[in-house]
Amino acid sequence: MAKHITRQLIPLNIAVLTVSDTRNEADDSSGNYLVESVRDTGHQVAEKCICIDDVYKIRAHLSRWIADDATQVVLITGGTGFTSRDSTPEAVTPLLDKVVEGFGELFRQVSFEEIGSSTIQSRALAGMANKTLIFCMPGSNNACQTAWQKIIMQQLDSRNKPCNFAPHLKNINLNSGQ
């Protein structure tokens, strides 16, 4: 595993999708937090969109990024709960080639320390499709901060030991970060 570790960060192209029936650019605090965090850690924001909570509209945005040669990671915030409108997992799961089981499990474990048993109502998930890594997290600012700071940020860092997702993504040149 360690042979894929680099000395310098390999910047990734990351798209951010906010799934919400009520948010707009002015009040999309979770999406804006993720955009700022992506940039602050040395990665590039490929695109940011807000999409209503509709299975087919979510799939349309995500499918475009999965097919795009430049987009390596997609961060999706919102639509992971249990209301009748929450449909992010149903939209995303059929598009995945592989599920990253550990993300949802670890997210709920870490969240338990913050919100107690309410964490069982999160359907956070992650997976890979066409060498694009996709993370789906709840729409609250706290949930996005928890997911980013305690899990995602490290796994997108090509320097993270003992392993990270960088070598598994499309168009990665591990020699550029040596």
Condition set closer than 18 Å to Glu114 by Cβ and touching a Leu at 6+ places or on another chain (Cβ under 9 Å), scope segment 136-178, selection surrounded by the fewest Cβ atoms within 10 Å (Cβ to Cβ): answer is Lys150
Being among the charged types (D, E, K, R), in contact (Cβ under 8 Å) with a residue 40 or more places away in the chain and either within 24 Å of Ile50 (Cα to Cα) or part of a strand (DSSP E or B) (or both) is the requirement here; does Arg159 meet it? no
From Ser117, Ser111, grab the single residue that is buried (at least 20 other Cβ atoms within 10 Å of the Cβ) and in a helix (DSSP H, G or I). Ser111
Could you say which residue among Thr22, Thr93 is under 16 Å from the mean Cα position of the chain (by Cα) and polar (S, T, N, Q)? Thr93
Considering only segment 1-27, state which residues are in a loop (DSSP other than H, G, I, E, B), among the polar types (S, T, N, Q) and buried (at least 19 other Cβ atoms within 10 Å of the Cβ). Thr6, Ser20
Restricting attention to segment 19-71, the residues that are of a type in the set (Asp, Glu), under 18 Å from Ala147 (Cβ atoms) and in contact (Cβ under 8 Å) with a residue 40 or more places away in the chain number exactly 0
Looking at segment 82-89, is at least one residue out of contact with any Pro (no Cβ under 6 Å at 6 or more places or on another chain), over 19 Å from Arg23 (Cα atoms), among the polar types (S, T, N, Q) and assigned to a helix (DSSP H, G or I)? no
With the checklist (1) surrounded by 18 or more Cβ atoms within 10 Å (Cβ to Cβ); (2) part of a helix (DSSP H, G or I); (3) touching a Leu at 6+ places or on another chain (Cβ under 7 Å) in hand, flag the one item Ser30 doesn't pass. (3)
The number of residues in segment 113-147 that are small (Gly, Ala, Ser) and either under 18 Å from Glu101 (Cβ atoms) or touching a Cys at 6+ places or on another chain (Cβ under 9 Å) (or both) is 6
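We did not get these values from a lab; they are worked out from the coordinates using the rules stated. In this text the structure is predicted, and so the values were computed from the model without any measurement. When we count neighbours, we look across all protein chains shown, and the Cβ atoms used for this are built from the backbone with ideal geometry, even at glycine.
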